[in-house]
1. Return the carbon/sulfur percentage of the accessible area of the chain, one whole number, probe 1.4 Å, all protein chains in place.
2. Using helices alone, I'd like the mean residue ellipticity at 222 nm for the chain: each DSSP H run of four-plus residues gives -39500 (n - 2.57), total over residue count, nearest 500.
3. Note down the relative contact order for the chain as a percent, whole number, built from C-alpha pairs under 8 angstrom at least six residues apart.
4. Suppose the chain between Lys215 and Ala228 were pulled fully straight at 0.36 nm per residue; how much longer would it get relative to their current alpha carbon spacing?
5. In this model, which of Lys116/Lys170; Lys76/Lys193; Lys116/Lys215; Lys193/Lys231 are farther than 24 Å apart at the alpha-carbon?
6. Relative to 2.2 N^0.38 Å, what does the C-alpha radius of gyration of the stretch 204-297 come to as a ratio? Two decimals please.
7. Subtracting the Cα-Cα distance from 0.36 nm times the residue separation, let me have the gained length for Thr266 to Arg27 in nm, one decimal.
8. Rounding to the nearest 10 and keeping the result within 0 to 90°, find how far the Cα-based axis of helix 68-77 lies from the longest principal axis of the chain.
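The values are calculated or read from the model by the stated rules, or taken from the named source; none is laboratory data. If you're wondering where the values come from, they're calculated on a predicted model, not measured in any experiment. Cβ placement follows ideal geometry from the backbone for every residue including glycine, while neighbour counts extend to all protein chains displayed. For accessibility, only protein heavy atoms count, side chains too; no ligands or nucleic acids. Shrake-Rupley method; radii C 1.70, N 1.55, O 1.52, S 1.80 Å.
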Amino acid sequence: MSGWTLGIIGGSGLYRLEGLEDVRTERVFTPWGEPSAPLVKARLNGVDLVFLSRHDAGHRIPPGDINYRANIDAMKRAGVTDLLSLSACGSLREELAPGAFVVVDQYVDRTFAREKSFFGPGCVAHVSMARPVCSRLSAMAVAAAKAAGVETVAPRGTYLAMEGPQFSTKAESHLYRSWGMDVIGMTNMPEAKLAREAELPYASVAMVTDYDCWKDDLAEVDITDVLAVLKGNVARAQDLVRAITRAMAAHPRTPSPDGIETVLDTAILTAPDARDPALVAKLDAVAGRVLGQTTQK
Ligand SMILES: CSC[C@H]1O[C@H](OP(=O)(O)O)[C@H](O)[C@@H]1O
Ligand SMILES: Nc1ncnc2[nH]cnc12
């Protein structure tokens, strides 16, 4: 028993994982609705793994319509201990060429039309997002990317989350570069915020597919070019997943060094007698640990 249950949210191009053992596919429902796709529960190198395709097979769901709350709730309910996102992204830096993998450590959230919290009227909570990713899982992702033979692995980087689905204008792309952003994508927010609210250690590998549209000597990002680069990235992402499970199998799990599994101890402000029982019931998986409930599987 390694104690790890690795959740993987696969983004564009990564609709399934290869080489899994004991595979079971489960359609699940959560109090927040249905996740993007059925959960694929399996084992890899002796480690329990739960895979979820963010856009579903066939890329059915655009970034702004993903039910991020259902996805995170489903992962939590499935017993996931550590959650790794694998995403396509655009590069806002010369040295991060297509094919580079960036293990994100910061975010700027510019999305504006999404449900961003499990909490709300009747149960108010404020979690810190100062350090939005799990340092241990991120370090393991860096090592696994290197083991997978990825040439450029950036161990940190700031991901600008945009609403989309359209790509940026040149003015936006230049603006984000002037802000010091490293990569751009449409999905890691509110996913990372919701993972934190659910006390799930989260890390994100952003795999560069293009230079967005800031480079005057290159054609602007175009989905055909993105798809061509994605194919190579996805093969190495599969190797990365194999490598990270090998590392997990070698070390029994201990709590996240960042205290992520206990953030709700001090985050909920609403007094017990002022809480909305209906919302509290919906929070059984996410916050049952502190709200004194039993999780419905
Ligand atoms: C295929 S380009 C645009 C699309 O890809 C990224 O999604 P994901 O993070 O799920 O790989 C990006 O954020 C856009 O949603
Ligand atoms: N340039 C870009 N902007 C936003 N999301 C992306 N995903 C892949 N490339 C992207």
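1. Its accessible area is 54 percent carbon and sulfur atoms.
2. Value at 222 nm, helices only, nearest 500: -9000 deg cm²/dmol.
3. In percent, rounded to a whole number, it is 25.
4. On the way: separation 13, 0.36 × 13 = 4.68 nm, distance 1.91 nm.
Separation in residues times 0.36 nm, less the Cα-Cα distance, equals 2.8 nm.
5. Working: Lys116/Lys170 27 Å; Lys76/Lys193 14 Å; Lys116/Lys215 32 Å; Lys193/Lys231 29 Å.
Pairs exceeding the cut-off: Lys116/Lys170; Lys116/Lys215; Lys193/Lys231.
6. Working it through for the stretch 204-297, the quotient is 1.77.
7. Between Thr266 and Arg27, full extension yields 82.7 nm more.
8. Tilt of helix 68-77: around 60 degrees.
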